[in-house]
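FYI, it's all coordinate maths here, none of it is from the lab. Because the structure is a prediction, the values reported are computed rather than measured. Note that we place each Cβ from the backbone using ideal geometry, even for glycine, and neighbour counts take in every protein chain shown.
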Amino acid sequence: MPTHIVIFRFLSEPSDVNFGGKVHGGAVMKWIDQAAYTCAVNWSSQYCVTVYVGGILFLNPIHIGDMVEVQARLVYTGRSSMHIAVDIKTINPKTKVESKATHCVIVFAAVDDMGKTIPVPKWEPQTEDDKTMERYAIRLTEMRKEINEEMLLHFINK
Ligand SMILES: CC(C)(COP(=O)(O)OP(=O)(O)OC[C@H]1O[C@@H](n2cnc3c(N)ncnc32)[C@H](O)[C@@H]1OP(=O)(O)O)[C@@H](O)C(=O)NCCC(=O)NCCS
């Protein structure tokens, strides 16, 4: 498997359930964080922390007993940051019905023992799809600037 992609596959379990009988959003967010963390550490060979996660698209519910595939794929690197696209797909093992469940782009930074950011190897897109995904990550970063400013104003100055 390429070093910029990490895939987790497992069954969703009864302990993942929410009050509506489907998989809890918090469980899905944990899978996103774990797969993306593994992808970031795998790429940088450094300890990494989550810098930003937003815009999680919960497109379809995940049912208990579904097979879940969480794919984390490095799509863009800055100096210390790694932008990782996470796609969650499911398949019902009985009916074979497949579903695209969740998508987001999460940003990690590599840090040293003091928690200071450190440079990561540059990701060079190879295929047309890689290039499209890199442009997508850059576009999201641009769009996020205004959101970040608004959120910081609210959080810091409150
Ligand atoms: C992440 C952290 C080390 C960044 O420290 P900092 O001194 O602010 O460093 P920077 O401003 O250079 O940001 C680091 C990188 O993250 C990027 N970044 C920062 N905020 C961002 C955001 N909202 N969206 C996307 N990228 C962001 C920066 O652009 C920079 O990328 P680059 O090095 O590739 O240019 C610090 O904010 C921190 O420790 N945060 C808490 C992390 C944490 O506890 N996570 C949850 C548990 S793991």
Response to the item:
Rounded to the nearest 10 degrees, the helix 128-156 long axis (Cα) sits at an angle to the longest Cα principal axis of the chain of 80
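What does the net charge come to around S80 if you take all other residues with beta carbon closer than 14 Å to its beta carbon, with K and R at +1 and D and E at -1? Don't jump to the answer; show the numbers that get you there.
Values: positive: R79, K116, K122; negative: D112.
The answer is +2.
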Discussion item. Strictly over 28 Å apart at the Cα level, which of K30/K100; K96/K122; K122/K145; K22/K96; K22/K131; K22/K116 would you flag in this model?
Written reply: K96/K122; K22/K131; K22/K116
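Over the chain, what is the relative contact order in percent, taking alpha-carbon pairs closer than 8 angstrom and at least six residues apart? Working shown, then result.
Numbers: 301 pairs, mean separation 36.7, N = 158.
This gives 23 percent for the chain.
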Discussion item. Once R0 is set to 25 Å, what does the formula 1/(1 + (r/R0)^6) return for the Cβ-Cβ distance between S99 and E146, expressed as a FRET efficiency to the nearest 0.05?
Written reply: 0.15
Discussion item. If the only charges are +1 at each Lys and Arg Cβ and -1 at each Asp and Glu Cβ, what is the size of the charge dipole of region 29-158 around the Cα centre, to the nearest 20 debye?
Written reply: 160
Discussion item. Bins of 5 Å, beginning at zero and ending with the bin holding the largest distance: percent of Cα pairs per bin for the chain, please.
Written reply: 2, 9, 16, 19, 18, 15, 11, 7, 2, 0, 0
Worksheet, complete the sentence: Y136 neighbourhood, Cβ < 13 Å, K/R = +1, D/E = -1, net charge -1
Worksheet item: To the nearest 10 degrees, how steeply does helix 25-44 sit against the main Cα axis of the chain, on a 0 to 90 scale?
Response: 50
Discussion item. Can you give me the long-range amide H partners of I118? Hydrogens built in the peptide plane at 1.01 Å from N, cutoff under 5 Å, separation of 5 or more residues or another chain.
Written reply: A110, V111, D112
Item to complete: Report, by chain and number, residues whose modeled amide H sits under 5 Å from the one on V51, excluding near sequence neighbours (fewer than 5 apart, same chain).
Response: V107, F108, A109
